[in-house]
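Notes for the one structure printed next.
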Amino acid sequence: DTFSTYLNRIESQNNITVMKKTEILEFSGSFPKFLTLINTPDGTKKLTTNAVILATGFQPYNPSSLKQYGYGLLGDVVTSFELERMLKDGHFFRPSNKEKPEIVVFIQCVGSRDCGFNDYCSDFCCNNAVKLAKIIRRSHPDVRVSVFYIDMRTPYEGENEFRDARRLGVHFYRGKPAQVRKDGDSLTVEVEDTLENDLVFAKASLVVLSIGGVPDPTVNQLSEAMHVDLSDSGFFAVDETMVGTNVEGIFVVGAASGPKDTAYSMVQGSCAAAKVEVLFRTSLNPKVS
Ligand code: SF4
């Protein structure tokens, strides 16, 4: 809904052209003149631009390969994105039997902070789990909600939300679950509680995997075509301004440089727009800006 509101606002601006279903075929040039050949529903077109802002977003991590958590194998294991959709649609039930879950267990850092593959923090998933846990406790106070985490990373306003969630009765345990297994009609989450040094077998009727983000598949092609460096995690690499790249005139915003929430992405959008304006003012004919 938020996205549609912004899109409508953007499309109604006279000086902005939104091109949907459009593909970049070729890219060349350097600041201050980039040439892009695009394929649009109305045919092939050439674009000349003075600057480029990349905003590819990210893709949700697919947890199917983490067999120990049973996603795709156990019906009542869902991702946080799927839970969000279920709550939005008013379909808060166990996929296996369409009954309301009695115990919901969140597993944090799924597909993030793992030295075996994605070692970065996905930034948004702690706040997202707190938000979803609060929604469940508020609308279904009879449902027990537990969150298993490595660290809860909820800076700024998120800290108040975290406190609020605890006040609402959400239980937080430090420890990364080893596995989720079927136990009769329900699920059991095996986890070492690293604060209590205790092995916990938590019963659950619905397990929610707080998945992180991975680079959008377009990132590699864009990086190659535009000669923009990538970071070790496979997202676009940014300089100390957090939006500049190794190529003058090309900027990166939002999750294109690593997963982040909407608020931070919007701040980066404004920052990149300001950087472009400064670049134009200092390098181009003032009329351009
Ligand atoms: S935001 Fe939280 S859940 Fe997400 S990767 Fe970072 S620590 Fe893990």
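What to note about this one:
- Contacts under 6 angstrom Cβ, first residue in region 252-266 being under 21 Å from Arg113 (Cβ atoms), partner among the charged types (D, E, K, R), 6 or more apart: Pro259/Asp123; Lys260/Asp123
- Only one entry of Tyr120, Tyr149, Tyr156, Tyr61 meets the criterion of being at pLDDT below 95, under 25 Å from Ala263 (Cα atoms) and within 16 Å of the ligand (Cβ to nearest atom), and that entry is Tyr156.
- Considering region 137-233, the qualifying strands (runs of 3 or more DSSP E), each wholly inside and each with 1 or more residues that are open to solvent by 80 Å² or more (accessible area, probe 1.4 Å), run over 144-149, 171-174, 177-183, 186-193, 198-204.
- Odd one out for Thr36 among (1) within 21 Å of Arg144 (Cα to Cα); (2) surrounded by 16 or more Cβ atoms within 10 Å (Cβ to Cβ): (1)
- Filtered residue count, region 25-41, keeping only those that are of a type in the set (Asp, Glu) and part of a loop (DSSP other than H, G, I, E, B): 0
- Taken as a whole, the structure leaves Ser122 outside the set of residues that are of a type in the set (Gly, Ala, Ser), farther than 19 Å from Leu195 by Cα, in contact (Cβ under 8 Å) with a residue 24 or more places away in the chain and open to solvent by 40 Å² or more (accessible area, probe 1.4 Å).
- When residues of region 1-24 are limited to those that are in a helix (DSSP H, G or I) and within 19 Å of Thr56 (Cβ to Cβ), the one most open to solvent (accessible area, probe 1.4 Å): Phe3
- Among the residues making up region 239-264, those that are of a type in the set (Ser, Thr, Tyr) and surrounded by fewer than 19 Cβ atoms within 10 Å (Cβ to Cβ) are Thr241, Thr262, Tyr264.
- Residues in region 42-66 that are surrounded by 13 or more Cβ atoms within 10 Å (Cβ to Cβ), in a strand (DSSP E or B) and either at positive phi or without any contact (Cβ under 8 Å) to a residue 24 or more places away in the chain (or both): Lys45, Leu47, Thr49.
- Total residues in region 93-109, condition more than 8 Å from the ligand (Cβ to nearest atom) and open to solvent by less than 20 Å² (accessible area, probe 1.4 Å): 6
- Within region 123-146, tally of residues that are among the hydroxyl-bearing types (Ser, Thr, Tyr) and away from the ligand (no atom under 16 Å from the Cβ): 1
The values are calculated or read from the model by the stated rules, or taken from the named source; none is laboratory data. All values reported here derive from a predicted model rather than from experimental measurement. Ideal geometry is used to build each Cβ from the backbone, glycine not excepted, and the neighbour counts take in all protein chains shown. Heads up: the accessible areas ignore ligands, DNA and RNA and are worked out on the full protein's heavy atoms, side chains in. Shrake-Rupley method; radii C 1.70, N 1.55, O 1.52, S 1.80 Å.
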